[in-house]
Structures are given as structure tokens and as C-alpha cells.
Amino acid sequence: MSEYEMEKFEASIREKIYSIRGFQVMLDRDLAELYGVETRRVNEQVKRNKGRFPVSFCFMLTIDEFENLMSQFAISSWGGYRKTPYAFTEHGVVMLSSVLRSDRAV
């Protein structure tokens with residue numbers, strides 16, 4: 001990967017980091033895209049490995065938090081969420097990569 005491509009990649013990740021509850025977090029949807037899996041696979045692994053994801057690693061957004069986050073964007077591209085998304089802290093992102101089995105996550 002060239003230096004330009006790396007800078008572009010890093011900038012795209014920084015755009016997906018949000019500050020919620022005093023944590024810098026990434027949402028399940030964005031991590032699924034990053035790791036090359038479906039969002040439901042991310043959520044399945046969190047449920048199957050609950051002991052590995054304490055609240056300091058991963059938490060589900062409240063409806064108010066999610067609506068507030070969506071309101072920060074001029075055009076919503078969130079699609080059809082049926083429930084509020086999980087938010088992963090830095091430690092949660094690392095833990096998630098250890099329980100997913102995609103090539104990118106590894």
C-alpha cells in the first residue's frame with residue numbers, strides 16, 4: 001500500500017470514530033465493513049463471547065444516543081437498523097478481531 005493509500009485509509013477510519021459516553025468508539029456496522037463481514041456476524045460473535053466484551057469494551061447505544069448520532073449527519077445513510085447498534089471501544093475493536101474469522105480481522 002502506498003503512503004497516499006495508507007493516509008486515505010486512516011482518514012476513512014478516523015471518520016468512523018465517535019465520542020460516546022466519554023469513549024472513542026466505532027459502531028458495529030463500520031467494523032463489519034472494515035473486517036469484511038456482515039454486521040449480524042459481528043453481533044453474533046459479541047453474543048457468543050459475552051465474557052470477552054465487558055461494558056468498557058462494547059455497549060449498545062440507547063435510542064437517544066443513536067438518534068443524536070444520526071442527527072449529526074445531513075443525509076442519513078444508516079439504513080434499516082431494527083435495534084440500536086453496538087459501540088466498540090479500542091479494546092473492544094481488538095477483542096472483536098480475535099473472535100472473528102475473516103482474513104481481514106486476522
Could you list, in sequence order, all residues of the range 45-63 that are surrounded by 13 or more Cβ atoms within 10 Å (Cβ to Cβ) and not in a loop (DSSP other than H, G, I, E, B)? Gln45, Val46, Arg52, Cys58, Phe59, Met60
Would the range 2-15 turn up any residue that is assigned to a helix (DSSP H, G or I), within 16 Å of the chain's Cα centre (by Cα), within 23 Å of Val99 (Cα to Cα) and small (Gly, Ala, Ser)? no
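What is the residue count in the range 1-38 for residues that are of a type in the set (Val, Ile, Thr) and more than 16 Å from His91 (Cβ to Cβ)?
2
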Would you be able to say whether some residue in the range 97-104 is within 13 Å of the chain's Cα centre (by Cα), within 20 Å of Gln24 (Cβ to Cβ) and modelled with pLDDT under 95? yes
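Going residue by residue through the range 26-44, is there one that turns out to be in a helix (DSSP H, G or I), among the acidic types (Asp, Glu), touching a helix residue (DSSP H, G or I) at 6+ places or on another chain (Cβ under 7 Å) and modelled with pLDDT of 90 or more?
Among the residues of the range 26-44, at least one is in a helix (DSSP H, G or I), among the acidic types (Asp, Glu), touching a helix residue (DSSP H, G or I) at 6+ places or on another chain (Cβ under 7 Å) and modelled with pLDDT of 90 or more, which makes the answer yes.
The values are calculated or read from the model by the stated rules, or taken from the named source; none is laboratory data. As the structure is a computational prediction, the values presented were derived from the model and not from experiment. In this analysis, Cβ positions are derived from the backbone assuming ideal geometry, glycine residues included, and neighbour counts consider all displayed protein chains.
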